[in-house]
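Peer 1: Attaching a single structure in structure tokens format; questions to follow.
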Amino acid sequence: MADYPELPRESTSTRRQFLKTAAFGLGAALTMPACSPSPALARGDEEKLGVALVGLGNYATNQLAPALEHTEKCRLAGIVTGTPAKAEAWSQKYSIPQTHIYNYETFDHIADNEDIDVVYVVLPNSMHAEYTIRAAQAGKHVICEKPMALNARECESMIAACEEAGVKLSIGYRVQFEPHNLEAMRLGREKVFGAVKVIEASFGFRLQNPNQWRLDKALAGGGALMDVGIYAIQAARYVTGEEPISVTAQEVKTDPMMFKTVDETITWQLEFPSGVVANSTTSYAAYVERFYASCEQGWFELGPAYSYSGIQGRTHQGPMDFPQVVQQALQMDDFADCILNDRASKVSGEEGLRDVKIIEAIYEAIATGGKVSLV
Ligand code: NAD
């Protein structure tokens, strides 16, 4: 790893001691000693922070584990799964020793594993709070997938648990590390084309499989809004750099059987202090994925805006020219850097909480039919 000078090998506990020191800001500028190599370690890997993925579903399997092969400051060190066949397959594929494999009953023993520095919670939404809190109590830094939790109360208890344990918490907002989205943030916040006046930001897809937790309110907390609408909320906030002051919202349900307990399609309007209005749609019935900002002297847009790859952007002056990146690798490396240099993550628990509060306000606006204040 180029960022950290080589030092002689030391024991695992020395490495742990160093990481703890770095986390509290006392050794951040120093070098990181290496631990004894375990069978899972490739050359140089011993200097990286160890990440354990909790929940080996689609996102962990197809995005996060491959991304961890592109990270410079962290590596896949452990897994938590309730399925023995998955444990076996992952152990083979990623050379994960049996001592670094946990199930949901043995999860808390992760506290004793000094190779694991970060627990990454990739479970259904209703399990985010419990596993984030248990990971913090085990002394591990935590990345929790979006949406952070089912409600603001859960988010607050997750933040408190991490603070109490002295560990860092971040949310899996990968798009905040993507160059086209970063450019949109710059254009909006620096008012490059004058002040942003109107935003249209939407994200939806056609959900095909009726047998999944995303359609079960107890596990998902909500439907399209909590799953992908959250990207549109995020984008409106990070491009303006402002927090919304009020929201109105409307819901449409064309398939009441499939979407018996969760929302299918929602439109909402966020009003920001400077007068920006952000109009958004999210859906499990229609594909839509765009961000558009109309400014005083021009416009900029992203489309696709929030995908894992293929994001494109344009302004009234022409196309944006930025590389495609492995967003999750940048996101996880940034969190590792936050731990090593004792700095706050820009995708912190507080950031996750803000979005969940807005989601709650959108549901309230639908239920009441009125404008809900966010201040
Ligand atoms: P998934 O259904 O593919 O995987 C969920 C995993 O949780 C499975 O391995 C499943 O076995 C396990 N699990 C444990 N207990 C369970 C229970 N009681 N019910 C159902 N599953 C249980 O889901 P996914 O698409 O991988 O999503 C997981 C999380 O990641 C969600 O919070 C989702 O919002 C988030 N996600 C984020 C992104 C992103 O781009 N940041 C993309 C996809 C998913």
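The values are calculated or read from the model by the stated rules, or taken from the named source; none is laboratory data. Source: prediction; values computed, not measured. Note: ideal-geometry Cβ built from the backbone for every residue, glycine included; neighbour counts use all protein chains shown. Surface areas here come from the heavy atoms of the whole protein model, side chains and all, with no ligands, DNA or RNA. Shrake-Rupley method; radii C 1.70, N 1.55, O 1.52, S 1.80 Å.
Peer 1: For region 312-331, which positions are open to solvent by 40 Å² or more (accessible area, probe 1.4 Å) and in contact with a helix residue (DSSP H, G or I) (Cβ under 6 Å, 6 or more places away or on another chain)?
Peer 2: F322, V326, L330
Peer 1: Continuing with the same structure: If you go through region 335-375 one residue at a time, how many are in a loop (DSSP other than H, G, I, E, B) and either crowded, with 20+ Cβ neighbours inside 10 Å or of a type in the set (G, A, S) (or both)?
Peer 2: 5
Peer 1: If you scan region 119-137, which residues turn out to be in contact with a strand residue (DSSP E or B) (Cβ under 7 Å, 6 or more places away or on another chain) and within 16 Å of the ligand (Cβ to nearest atom)?
Peer 2: Correct list: V119, Y120, V121, V122, L123, H128, Y131, T132, A135.
Peer 1: Looking only at region 155-200, how many residues end up being within 16 Å of the ligand (Cβ to nearest atom), surrounded by 22 or more Cβ atoms within 10 Å (Cβ to Cβ) and hydrophobic (A, V, I, L, M, F, W, C)?
Peer 2: 5
Peer 1: Would you confirm, using the coordinates I've provided, whether G229 is open to solvent by less than 10 Å² (accessible area, probe 1.4 Å), within 12 Å of the ligand (Cβ to nearest atom) and in the same structural domain as E271 (by TED's automatic domain parsing)?
Peer 2: yes
Peer 1: Of V228, V239, V247, which residue is within 17 Å of the chain's Cα centre (by Cα) and in contact (Cβ under 8 Å) with a residue 24 or more places away in the chain?
Peer 2: Result of the check over V228, V239, V247: V228.
Peer 1: Report, by residue number, each residue of region 182-237 that is in a loop (DSSP other than H, G, I, E, B) and of a type in the set (F, W, Y).
Peer 2: Within region 182-237, F193 is the sole residue that qualifies.
Peer 1: Would a scan of region 60-83 turn up a residue that is within 15 Å of the ligand (Cβ to nearest atom) and on the phi > 0 side of the Ramachandran plot?
Peer 2: Scanning region 60-83, I find no residue that is within 15 Å of the ligand (Cβ to nearest atom) and on the phi > 0 side of the Ramachandran plot, so the answer is no.
Peer 1: Restricting the first residue to region 68-92 and requiring it to be within 22 Å of A138 (Cβ to Cβ), which pairs with a second residue that is among the basic types (K, R) and more than 15 Å from the ligand (Cβ to nearest atom) meet a Cβ separation below 7 Å and a spacing of at least six or different chains?
Peer 2: L68/R75; K73/K48; C74/K48; R75/K48
Peer 1: On to the next question. Step by step: first the residues of region 252-282, then only those that are closer than 30 Å to G188 by Cβ and β-branched (V, I, T), then the one that is surrounded by the most Cβ atoms within 10 Å (Cβ to Cβ). Which residue is that?
Peer 2: Looking at the filtered set, the residue picked out is T282.
Peer 1: Something else: Is it the case that Y102 is within 14 Å of the ligand (Cβ to nearest atom) and either surrounded by fewer than 15 Cβ atoms within 10 Å (Cβ to Cβ) or within 15 Å of the chain's Cα centre (by Cα) (or both)?
Peer 2: no
Peer 1: Select from region 108-141 the residues that are polar (S, T, N, Q) and more than 21 Å from D333 (Cβ to Cβ) and list them in ascending order.
Peer 2: Correct list: N113, N125, S126, Q137.
Peer 1: For region 201-226: of the residues being within 12 Å of the ligand (Cβ to nearest atom), touching a Phe, Trp or Tyr at 6+ places or on another chain (Cβ under 9 Å) and open to solvent by 10 Å² or more (accessible area, probe 1.4 Å), which is farthest from T261 (Cα to Cα)?
Peer 2: Result: F203.
Peer 1: While we're on this one: Going through T254, T282, T267 one at a time, which residue ends up being in a strand (DSSP E or B) and away from the ligand (no atom under 16 Å from the Cβ)?
Peer 2: T267
Peer 1: Based on what the data block shows, is R290 open to solvent by 50 Å² or more (accessible area, probe 1.4 Å), within 20 Å of G303 (Cβ to Cβ) and more than 20 Å from the chain's Cα centre (by Cα)?
Peer 2: no
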